[in-house]
Amino acid sequence: MDRLFLDANVLFSAAYRLNAGLLKLWKLKNVVLCSSNYALGEARLNLAHETQRSRLEELSGRLQLFEAIPRMLPDGVSLPDKDVPILLAAIEARATHLITGDLRHFGAYFGRTVERILVVTPADYLKTAR
């Protein structure tokens with residue numbers, strides 16, 4: 001069973017539009033969806049309308065939430081301070097995948113495994129999901 005840790009941009013995009021394509025993640029069987037209060041807060045902050053924030057709240061009901069435990073990043077990983085809590089919470093969640101659309105900060109790690117977590121875009125994960 002895959003454990004998917006959803007980054008803030010994935011949560012934002014799923015809540016942004018009523019029929020967002022990323023909602024497919026919530027319909028997958030045999031996956032556990034994980035995130036953090038940090039990621040939820042970042043997504044909530046960037047959603048402009050109350051209806052979007054309500055959708056985010058509804059979607060968050062299916063998430064298992066984990067928080068980052070302060071520690072050093074794995075060897076060879078360099079991230080901006082704002083993204084460190086995302087990776088550390090994914091590690092704490094024992095995620096199999098970090099699902100993110102953040103090409104700028106996580107792009108160097110796409111398709112790579114960091115602490116047993118495969119970093120992928122939502123589209124790449126959905127291509128392989130059953």
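Quick note: the coordinates plus some simple rules give every number you see, no bench work behind them. Note that this is a predicted model, so its numbers are computed, not measured. Using ideal geometry, Cβ is built from the backbone for each residue, glycine included, and neighbour counts are taken over all protein chains shown.
Brief remarks on what is shown
- In sequence order, the stretch 36-49 has phi-based couplings of 9, 4, 4, 5, 4, x, 5, 5, 4, 4, 8, 7, 7, 10 Hz under the Karplus curve 6.51 cos²θ - 1.76 cosθ + 1.60, θ = phi - 60°, and Gly or Pro positions carry x.
- Amide H contacts under 5 Å for Ser36, placed H, 5+ residues apart: Phe66
- Descending by average beta-carbon neighbour count within 10 Å, the peptides 8-15, 48-55, 103-110 line up as 8-15, 103-110, 48-55, the highest first.
- The modelled label-to-label distance between Thr128 and Asp75, using points 7 Å beyond Cα along the C-beta direction, is 2.4 nm.
- Helix-only CD estimate at 222 nm, as mean residue ellipticity for the chain, using -39500 (n - 2.57) per DSSP H run (n ≥ 4): -11000 deg cm²/dmol
- Ranked Arg3, Arg71, criterion: other C-beta atoms within 10 Å, fewest first: Arg71, Arg3
- Estimated from the Cβ-Cβ distance and a Förster radius of 25 angstrom, the FRET efficiency linking Phe110 and Thr51 is about 0.20.
- Summarising the strand pairing of the stretch 2-128, around 15 percent of its internal DSSP beta bridges are antiparallel.
- Rg and Dmax [Cα atoms of the stretch 2-128; Å; Rg one decimal, Dmax integer]: 13.5, 41
- Hits among aspartates and glutamates - C-alpha to C-alpha of Lys27 under 18 Å, sequence gap 8 or more where chains match: Asp2, Asp7, Glu57, Glu58, Asp124
- Using the Cβ of Thr100 as centre and a radius below 11 Å, the other residues enclosed give a net charge of -3, where K and R count +1 and D and E count -1.
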